[in-house]
Amino acid sequence: MKKRIFSFALIAASVLALSGCASKSEQQQRQLELIASNRAGVLSAELPLEYGPLSIMRASANGTTIEIMMVYNQDGKGAKPFKEVIHNTINSYCVTPEITRNLDVGITYRIKMRNSRGQLMVDQMITKKTCEEESSKSE
């Protein structure tokens with residue numbers, strides 16, 4: 001918890017230091033990039049994570065997008081079809097408070113899911129709009 005507060009304070013100080021040198025939209029863009037980079041770093045420090053047949057292998061930031069690389073062992077015990085897994089993943093991202101706060105400010109997530117043979121099976125962007133569309137489907 002203290003580490004997160006320190007990281008956020010460091011980001012805030014960096015943004016304030018840059019505020020005299022850039023326009024408001026450039027400042028906002030830079031702040032979003034710093035948030036994405038910090039969040040990807042926090043996630044990356046906890047990897048790899050395994051949830052049954054799903055392994056989260058990598059997290060990185062590309063601008064304001066947090067990219068998550070997953071490997072799904074579709075032959076593993078309890079494995080479900082890719083379509084169901086990505087649907088559940090999107091729903092999970094859209095209801096997790098920390099993620100929805102990031103989506104609300106303009107951070108996006110890119111989920112790449114490979115099968116156990118390394119083939120890219122899913123490349124899905126998750127944005128605030130994606131979540132709004134998902135919630136309207138379930139109503």
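The values are calculated or read from the model by the stated rules, or taken from the named source; none is laboratory data. A quick note: this is a predicted structure, and the numbers were derived from the prediction, not measured. Every residue, glycine as well, gets a Cβ built from its backbone with ideal geometry; the counts of neighbours run over all protein chains shown. SASA here: full protein model, heavy atoms, side chains in, ligands and nucleic acids out. Shrake-Rupley method; radii C 1.70, N 1.55, O 1.52, S 1.80 Å.
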Legend entry - Close pairs (7 angstrom Cβ cut-off, 6 or more residues apart or separate chains): among the β-branched types (Val, Ile, Thr) in segment 38-55, modelled with pLDDT under 95 anywhere: none
Inset, instruction - Could you name every one of the helices (runs of 4 or more DSSP H) located completely within segment 33-138 that has at least 2 residues being polar (S, T, N, Q) and open to solvent by 50 Å² or more (accessible area, probe 1.4 Å)? - result: 82-95, 128-137
